[in-house]
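The values are calculated or read from the model by the stated rules, or taken from the named source; none is laboratory data. Worth saying up front: this structure is predicted, and the values here are computed from it rather than measured. Don't worry about glycine lacking a Cβ; one is built from the backbone with ideal geometry, like all the others, and counts go over all protein chains shown.
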Amino acid sequence: MIASIQNALDTILGRAANLRQANGAGRIFELFVMTGIAEELHVRGHDVWLQRSDASQMLPGDPTLDFIQRSGGPAGIPPASSGASNASCIGFQKSGSSQIWEIWNGVQFEGRSGAAHEFDLAIVPHQVGSELRLIGGQPFGRPRVAVECKDVATSGSIDEMRTLVARLYDVTILKGHRFHLNLGPSPQSIYPANFGGDPYHDSRDTYRRENLHSLNVFVRRTGFAKGAAAMTGYHCIQPHGAVTAGSMEANTLFSDIADWIDANLP
Amino acid sequence: MATLDPRLLELFETLVESGADWLVFELMEGINAGIVVEETADDLASARILASQERESPRPVERVALNLESWPLKGNDQIVWAARYVDGRLKDLLAMMKASADRLSMLVDRRGDIGTKERRSSVTLALRGDDEVIAVRPEGLADAQSAVIELYVGLDSWVRKVTDGRQTL
């Protein structure tokens with residue numbers, strides 16, 4: 001045992017006990033990216049707030065201001081009636097728009113195959129969250145913004161990219177899928193929700209058009225091995241490496257996502 | 001497969017004893033991977049442009065089906081890499097936690113008296129598992145950050161000792 005190192009580690013991990021959890025570091029990275037996006041949206045004049053799992057907003061003076069992340073097994077959205085002790089999210093409304101959006105962390109989506117897929121960060125219409133919070137469940141369809149956060153020591157491989165492409169493929173609902181999935185007349189690209197026929201939420205006719213109608217981001221704390229970015233162009237995945245606290249790469253990431261939101265989300 | 005330098009076992013044992021066994025796994029993964037040739041910042045910026053284009057650009061042949069290029073970390077290089085990794089990893093994690101907590105607190109305050117510059121709210125970061133909730137409050141985070149210097153000194157001293165003074169952090 002190295003006493004001086006152990007003393008320092010005992011203080012660090014004693015005071016920041018989430019670092020004793022196997023996935024604690026990964027969740028911190030996700031929170032860093034999530035809050036970076038939220039701050040950038042706030043700076044741009046959009047309305048941004050923190051939301052508990054019972055759908056209440058966190059306000060100054062509230063007796064508890066706990067922003068909760070899940071560390072257990074992946075899950076969908078719990079019912080609001082189960083209280084405020086489940087995962088928090090961040091809500092936002094673009095300036096001049098009536099549409100509200102939610103930024104989720106670590107929520108499982110249901111794919112067309114029936115398999116569940118966790119997205120580290122997902123931006124979805126508020127209507128989807130609102131509907132799910134009635135009785136709980138998993139969203140079905142593709143988030144408008146999906147961010148994969150990799151907080152590992154090694155450089156990103158092309159296998160990681162394949163995994164994200166496969167996940168996005170399975171959650172994509174195209175117009176042609178409606179018949180196979182018995183989805184009925186509603187042509188929307190994510191369920192459950194009612195968008196009142198707003199064409200923005202309609203599913204597209206090809207994967208490429210859907211890829212370009214959403215934002216797909218792969219964020220790594222470390223870098224990408226040479227060649228790992230080869231699949232990103234065709235599948236419209238934005239790779240961001242070396243994202244750490246205070247880095248230029250982090251600023252570029254937050255700015256790029258906010259630019260896309262400004263230009264594309266209603 | 002890389003060969004693990006046995007001098008690292010003392011560091012691994014200390015990390016496990018402190019509850020940071022996940023850091024041991026990361027160190028072993030990093031050492032096993034060695035130094036890997038990576039996409040440059042320009043490569044990634046170009047890839048992001050391609051990813052947002054309506055029509056696919058002609059494919060740059062040299063970027064397809066490349067083999068992973070890497071070289072192993074050996075001897076004292078492995079020791080220094082591991083010590084720097086532990087130091088940088090914890091320092092960066094605490095900085096990300098601090099930045100996140102500050103942003104969350106700012107967002108809560110802006111829901112109140114808009115225009116008030118005085119900071120009042122302190123959001124607690126909570127990690128909820130199946131059986132327990134771990135809460136990290138701002139004062140705890142500050143204490144943890146203050147121990148980072150002590151960690152650096154300890155790691156530097158260990159690197160000097162096991163490399164017979166040939167290397168420093």
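Within the range A:183-238, count every residue that is among the aliphatic types (A, V, I, L, M) and under 19 Å from the mean Cα position of the chain (by Cα). Please lay out each step first, then the result.
Step one: of the range A:183-238, the residues among the aliphatic types (A, V, I, L, M) are A:183, A:190, A:193, A:212, A:215, A:217, A:219, A:225, A:228-231, A:237.
Subsequent filtering for residues that are under 19 Å from the mean Cα position of the chain (by Cα) retains A:190, A:193, A:212, A:215, A:217, A:219, A:237.
Number satisfying all stated conditions: 7.
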Query raised in the report: within 7 Å of chain A (Cβ to nearest Cβ) and either in contact (Cβ under 8 Å) with a residue 24 or more places away in the chain or out of contact with any strand residue (DSSP E or B) (no Cβ under 8 Å at 6 or more places or on another chain) (or both): does that describe residue B:165?
Result: no
Query - Filtered residues of the range A:216-234 (kept if more than 8 Å from chain B (Cβ to nearest Cβ), buried (at least 24 other Cβ atoms within 10 Å of the Cβ) and part of a helix (DSSP H, G or I)) - result: none
**Report entry** Number of the condition not met by residue B:126 [criteria: (1) in contact with a helix residue (DSSP H, G or I) (Cβ under 7 Å, 6 or more places away or on another chain); (2) modelled with pLDDT of 95 or more]
**Finding:** (1)
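For every residue, the table says whether it meets (1) in contact (Cβ under 8 Å) with a residue 60 or more places away in the chain; (2) under 26 Å from residue A:218 (Cα atoms); (3) not aliphatic (A, V, I, L, M).
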{"position": "A:19", "(1), (2), (3)": "no, yes, no"}
{"position": "A:24", "(1), (2), (3)": "no, yes, yes"}
{"position": "A:28", "(1), (2), (3)": "yes, yes, no"}
{"position": "A:31", "(1), (2), (3)": "yes, yes, no"}
{"position": "A:42", "(1), (2), (3)": "no, yes, yes"}
{"position": "A:49", "(1), (2), (3)": "no, yes, yes"}
{"position": "A:52", "(1), (2), (3)": "no, no, yes"}
{"position": "A:55", "(1), (2), (3)": "yes, no, no"}
{"position": "A:66", "(1), (2), (3)": "no, no, yes"}
Report task. Looking only at the range A:124-133, decide whether some residue is part of a loop (DSSP other than H, G, I, E, B) and either touching a strand residue (DSSP E or B) at 6+ places or on another chain (Cβ under 8 Å) or farther than 29 Å from residue A:17 by Cα (or both). Result -> no
Report task. Please find, among A:87, A:122, A:75, A:115, the residue that is modelled with pLDDT under 95 and not polar (S, T, N, Q). Result -> A:75
Query - Counted residues, the range A:229-249 - those being in contact with a helix residue (DSSP H, G or I) (Cβ under 6 Å, 6 or more places away or on another chain) and closer than 26 Å to residue B:95 by Cβ - result: 8
Report summary line: Quick count over the range A:180-212, residues being outside any loop (DSSP other than H, G, I, E, B), touching a residue at least 12 places away in the same chain (Cβ under 8 Å) and either surrounded by 14 or more Cβ atoms within 10 Å (Cβ to Cβ) or basic (Lys, Arg) (or both), is 11
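So, in the range B:125-158, how many residues would count as being among the charged types (D, E, K, R) and within 7 Å of chain A (Cβ to nearest Cβ)? First the steps, then the outcome.
Our first condition is that a residue be among the charged types (D, E, K, R); within the range B:125-158, this holds for B:128, B:130-132, B:137, B:139, B:143, B:150, B:156.
Checking which are within 7 Å of chain A (Cβ to nearest Cβ) leaves us with B:128, B:130, B:143, B:150.
Counting residues in the range B:125-158 that are among the charged types (D, E, K, R) and within 7 Å of chain A (Cβ to nearest Cβ) gives 4.
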Query raised in the report: Which residues, counting only those in the range A:1-23, are at the interface with chain B (Cβ under 7 Å from one of its Cβ atoms) and over 17 Å from residue B:151 (Cβ atoms)?
Result: A:18, A:21, A:22
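In the range A:75-85, which residues are surrounded by 13 or more Cβ atoms within 10 Å (Cβ to Cβ) and within 12 Å of chain B (Cβ to nearest Cβ)?
Matches in the range A:75-85: A:75, A:78, A:84, A:85.
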Requested in this report: Return yes or no: is residue B:86 over 16 Å from the mean Cα position of the chain (by Cα), among the β-branched types (Val, Ile, Thr) and surrounded by 18 or more Cβ atoms within 10 Å (Cβ to Cβ)?
Outcome: no
